[in-house]
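Taken together, the values in this text are just the output of simple stated rules run on the coordinates, not laboratory data. The shown structure was predicted, so the numbers you read here are calculated from the model rather than taken from an experiment. Neighbour counts are summed over all protein chains in view; Cβ atoms, including those assigned to glycine, are modelled from backbone coordinates with ideal geometry.
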Amino acid sequence: MSQRLALQVFEQYQKARIHFVQTIAELATRPQNIETLQNAGVMSLLRPLLLDVVPSIQQTAALALGRLANYNDDLAEAVVKGDILPQLVYSLAEQNRFYKKAAAFVLRAVAKHSPDLAHAVVDCGALDALVICLEEFDPGVKEAAAWALGYVARHNAELSQAVVDAGAVPLLVLCIQEPEVPLKRIAASALSDIAKQSPELAQTVVDAGSIAHLAQMILNPDAKLKRQVFSALGQISKHSVDLAEMVVEAEIFPAVLTCLKDPDEFVKKNVATLIREIAKHTPELSQLIVNTGGVAAVIDYIGDSKSNVRLPGIMMLGYVAAHSENLAMAVIVSKAKKALKNILQKCTYLPALDPLLHDAPPNILKHVVGQYSKVLPHDTKARRLFVTSGGLKKVQEIKADPGSLMQEYINAINNCYPEEIVRYYSPGYSDALLERVENYQPAL
């Protein structure tokens with residue numbers, strides 16, 4: 001009887017621990033619970049459960065810690081100060097695959113917030129353990145480890161170099177060759193985070209043979225994977241002519257241009273960014289893009305896109321046109337006027353339009369004035385600046401046919417100002433004033 005009672009106590013204690021960690025892990029998924037859990041000292045209660053004799057309790061405790069640390073940097077800092085990281089690193093080498101995934105999740109959640117917290121992850125020896133996890137048979141463990149390594153690397157060159165020094169890059173390149181798409185995504189993202197930091201780090205990524213494998217995936221049907229692939233290729237290309245040429249030599253053109261029509265906005269933006277990074281380096285690289293139909297494709301992309309998604313495409317056209325007169329002409333003959341019209345119709349930053357107001361040909365000037373007529377009625381500061389910059393005076397000098405669209409735009413602008421101000425800046429007004437001076441008869 002007493003033996004059964006003793007066993008019953010242990011069973012109840014185990015059930016209570018399981019219930020506790022499962023409930024905390026569930027509560028940690030909802031932001032409104034975080035402050036309450038923090039104030040209740042949840043970190044110190046979860047820490048000993050990482051060493052529990054029951055594997056499922058260990059794993060769920062780690063999952064709960066990861067969710068808490070992921071929420072904000074204060075909770076991530078609490079994980080560091082609670083001396084929890086060394087235990088997680090130890091467990092990465094000793095425990096089963098479920099625990100390894102949970103432990104890597106905690107390390108990633110801590111590292112993501114700031115360089116200092118990422119340094120804490122590095123300082124506890126996590127990188128070597130995470131790199132070993134990249135060699136695990138289970139793709140979920142590899143994915144969790146790649147994610148954590150990428151979150152360390154993304155902050156700065158020093159942290160990226162630490163990831164490289166731990167031997168991560170060749171294994172990440174192997175991961176992008178695995179059949180599991182989620183693993184491919186995260187590995188490509190981590191390579192992108194490393195490559196972006198410096199030419200030397202990008203070269204390390206290239207030397208591991210990444211470009212050929214990334215280039216093979218540019219037409220993959222998975223949009224999230226393509227986002228990361230194009231991001232990585234763009235981060236490699238941006239640093240130097242040599243690196244950009246290596247990307248081009250992987251024969252990504254003209255196939256890459258089809259992705260400018262991808263339904264996914266981030267895929268399109270990353271493709272446009274990649275093309276921009278290649279075009280900026282030399283006239284020869286820009287000419288290659290022109291020869292494959294890249295300029296026309298980018299112009300269509302600008303016309304079809306919205307908001308700041310268009311920006312890399314616009315910049316790419318600028319880079320191409322700036323290299324030489326021939327390339328500038330290539331932009332013009334590829335509907336550059338159509339592209340400019342589309343851009344102007346979306347532009348709300350009026351100082352950027354000011355040079356065009358004074359120098360644009362009539363067919364472009366109409367769209368410039370039209371944009372002013374849309375923005376000025378709703379922006380007091382812009383109205384004042386339009387006067388002091390000479391814009392209002394310039395508008396009065398435009399000869400527009402009565403009833404034309406241009407005249408409507410001018411009328412809309414003039415209605416934003418008192419009548420005497422408009423009259424003051426109208427052509428001939430100063431002559432009329434001088435004439436009045438000359439004809440004025442003072443009282444004697």
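Seen from Phe10, the other residues with C-beta closer than 12 Å to its C-beta sum to a net charge of +2, counting Lys and Arg as +1 and Asp and Glu as -1. Other residues whose C-beta falls under 12 angstrom from the C-beta of Tyr417 contribute a net charge of +2, scoring Lys and Arg +1 and Asp and Glu -1. Taking a ≥ b ≥ c as the square roots of the Cα gyration tensor eigenvalues, the stretch 349-430 comes out rounded, since a/c falls below 1.5. Full extension of the chain between Asp73 and Glu35 yields a length gain of 12.4 nm, computed as 0.36 nm times the residue separation minus the alpha carbon distance.
Distance between the pseudo-spin-label points of Ser2 and Ala328 (7 Å out from Cα toward the beta carbon): 10.0 nm. Along the stretch 100-111 the Karplus relation, 6.51 cos²θ - 1.76 cosθ + 1.60 evaluated at θ = phi - 60°, assigns HN-Hα couplings of 4, 4, 5, 5, 5, 4, 5, 4, 5, 5, 6, 5 Hz to successive residues, with x for each Gly and Pro.
Angle, helix 85-94 long axis vs. longest principal axis of the chain, Cα atoms, 0 to 90°, nearest 10? Helix 85-94 sits at roughly 60 degrees to that axis.
For the chain, the longest principal axis of the alpha carbon atoms and the long axis of helix 55-71 meet at an angle near 20°. Cα-Cα over 25 Å: which of Lys101/Lys184; Lys100/Lys184; Lys142/Lys224; Lys261/Lys374? From Lys101/Lys184; Lys100/Lys184; Lys142/Lys224; Lys261/Lys374, over 25 Å: Lys261/Lys374. Take 267-273, 67-73, 415-421 and order them by the average number of nearby Cβ atoms within 10 Å per residue, most first; the result is 267-273, 67-73, 415-421. The packing ranking of peptides 395-404, 287-296, 256-265, highest mean first, is 287-296, 256-265, 395-404, where packing means the average number of other beta carbon atoms within 10 angstrom of each residue. Counting beta carbons within 10 Å around each of Asp138, Asp242 and listing the fewest first gives the order Asp242, Asp138. Exceedance of the 20 Å cut-off in Cα-Cα distance is limited, within the set Lys15/Lys81; Lys238/Lys280; Lys366/Lys394, to Lys15/Lys81. Among Leu85, Leu45, Leu127, the largest mean-square fluctuation in a Gaussian network model of the chain, built with springs joining Cα atoms closer than 10 Å, belongs to Leu45. Using a Gaussian network model of the chain in which every pair of alpha carbons under 10 angstrom is joined by a spring, one finds that among Ala118, Ala16, Ala212 the greatest mean-square fluctuation is at Ala16. Dipole of the chain computed with +1 at Lys/Arg Cβ and -1 at Asp/Glu Cβ about the Cα centre; of Asn363, Ile194, Leu7, farthest Cα towards the positive end is Asn363.
Placing +1 on each Lys and Arg Cβ and -1 on each Asp and Glu Cβ, with no other charges, gives the chain a dipole about its Cα centre of roughly 1260 debye.
Relative to the current alpha-carbon distance between Glu245 and Leu219, full extension at 0.36 nm per residue lengthens the span by 7.3 nm.
Taking Lys and Arg as +1 and Asp and Glu as -1, the other residues whose beta-carbon sits under 12 Å from that of Ser114 total -2. Annotation for Glu435 and Ser389: the two label points, set 7 Å from Cα along the Cα-Cβ direction, are 3.3 nm apart. Report the residues of the stretch 1-24 in range of a label on Val54: point 7 Å along Cα→C-beta, backbone N strictly under 15 Å from it. Hits in the stretch 1-24 for Val54 at 15 Å: 7-24. The long axis of helix 362-375 is offset from the longest Cα principal axis of the chain by roughly 60 degrees. Take the alpha carbon gyration tensor of the chain, find the square roots of its eigenvalues, order them as a ≥ b ≥ c, and report rounded if a/c is under 1.5; if not, report prolate when a/b exceeds b/c, else oblate. It comes out prolate by the Cα gyration axes. When the square roots of the Cα gyration tensor eigenvalues are ordered a ≥ b ≥ c, the ratio a/c for the stretch 59-131 is 1.5 or more and a/b does not exceed b/c, which makes its shape oblate.
Determine the calculated [θ] at 222 nm for the chain from helices alone, applying -39500 (n - 2.57) to every DSSP H run no shorter than 4 residues and normalising by the residue count; nearest 500 deg cm²/dmol.
Helix contribution divided over all residues of the chain: -21500 deg cm²/dmol.
Note on the chain: GNM, Cα springs under 10 Å; of Ile186, Ile24, Ile302, the largest mean-square fluctuation is that of Ile24.
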